[in-house]
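Trainee: I am attaching a structure below and will ask some questions about it afterwards.
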Amino acid sequence: MTANPLLIILDEYRDHPIMERLEREHDPFETLIRTILSQRTRDVLTDEAARRFFSRFSGPEDVVRAGVEEVEEVIRVAGLYRQKARAIVGVCERILEEGIDLEEVVREYPLDEARRVLTSLPGVGMKTADVTLLFAGGRDICPVDTHVRRVVTRLGLTDSTSYTAIQEAVHDNVPKGSRGRAHLALIQFGRDVCRSRSPDCSSCPVSDLCPYAR
């Protein structure tokens, strides 16, 4: 039987500090907003934007009352802050207008329905929805970010670059109950070894299984 590269990577990172993210309680609203802020933004700037945002706003009502310009000023350190401010205000308006209970959506709705509700919100695509569902809802899914996409396609686990195909490739190769851990392991592996530029194939634990490394 051919060895499973994703399980090898998962085992390599099973005790990495990044896994602590799955052990913490995550508020659905905070997780959703933070994930929007993180789009195309480095972690250190995402952290600062989130700190400023939640120091100023406690919930959707505060955000809508403040308006787009004030949100822009608060999150200015984040990339694409004007676009994100409009999205965040739009999300908060929709939550209030439709009476959306985010906690109920992410933790109790069937997965497909939860995704439908979340992706109907401004600025929320599949990755943002799935990150919220994983961390705030405890769902057994692997959100597909740039690191997950790069590692899975380099390993040749799918010929497609679509979000759904890449996620299915991970889910098909990782046991149920471990898909959130796989998401974090693949992110860290993508940062440490399988980098976008100058990947460290010489120290890669799955180089013998990787078409890209040959």
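Trainee: Taking the condition over 18 Å from residue 13 (Cβ atoms), among the polar types (S, T, N, Q), touching a residue at least 12 places away in the same chain (Cβ under 8 Å) and assigned to a helix (DSSP H, G or I), does residue 167 pass? Walk me through it before giving the result.
Mentor: Working: over 18 Å from residue 13 (Cβ atoms): yes; among the polar types (S, T, N, Q): yes; touching a residue at least 12 places away in the same chain (Cβ under 8 Å): yes; assigned to a helix (DSSP H, G or I): yes.
When the stated conditions are applied, residue 167 passes them.
Trainee: Also, I was wondering about something else. Which pairs turn up if I take residues in the stretch 135-164 that are farther than 26 Å from residue 34 by Cβ and look for partners that are part of a loop (DSSP other than H, G, I, E, B) and acidic (Asp, Glu) with beta carbon separation below 9 Å, at least 6 apart in sequence or on another chain?
Mentor: Correct list of pairs: 153/159.
Trainee: Then there is this: Within the stretch 101-113, does at least one residue satisfy the condition of being free of Cβ contacts under 8 Å to residues at least 24 places away in the same chain and of a type in the set (Ser, Thr, Tyr)?
Mentor: Applying the first criterion (free of Cβ contacts under 8 Å to residues at least 24 places away in the same chain) to the stretch 101-113 yields 101, 104, 108-110, 112-113.
Of the ones still in play, those that are also of a type in the set (Ser, Thr, Tyr) are 109.
So far as the stretch 101-113 goes, yes, one or more of its residues are free of Cβ contacts under 8 Å to residues at least 24 places away in the same chain and of a type in the set (Ser, Thr, Tyr).
Trainee: Oh, and also: May I ask you to list the residues in the stretch 58-91 that are closer than 17 Å to residue 102 by Cα and either of a type in the set (A, V, I, L, M) or crowded, with 19+ Cβ neighbours inside 10 Å (or both)?
Mentor: 60, 63, 64, 87, 88, 89, 91
Trainee: Given (1) on the phi > 0 side of the Ramachandran plot; (2) crowded, with 23+ Cβ neighbours inside 10 Å, identify the lone condition not met by residue 148.
Mentor: The single condition residue 148 does not satisfy is (1).
Trainee: Could you run through the stretch 5-20 and say how many residues are part of a loop (DSSP other than H, G, I, E, B) and either of a type in the set (Asp, Glu) or surrounded by fewer than 16 Cβ atoms within 10 Å (Cβ to Cβ) (or both)?
Mentor: Final tally of qualifying residues: 3.
Trainee: Right, next: Regarding residue 152, is this residue among the β-branched types (Val, Ile, Thr) and within 15 Å of the chain's Cα centre (by Cα)?
Mentor: Judged against the criteria, residue 152 is not a match.
Laboratory data are not the source of any read-out in this text; all were calculated from the coordinates shown. What you see is a predicted model; the values in this text were computed from it and never measured. Virtual Cβ from ideal backbone geometry, glycine too; neighbours counted across all protein chains shown.
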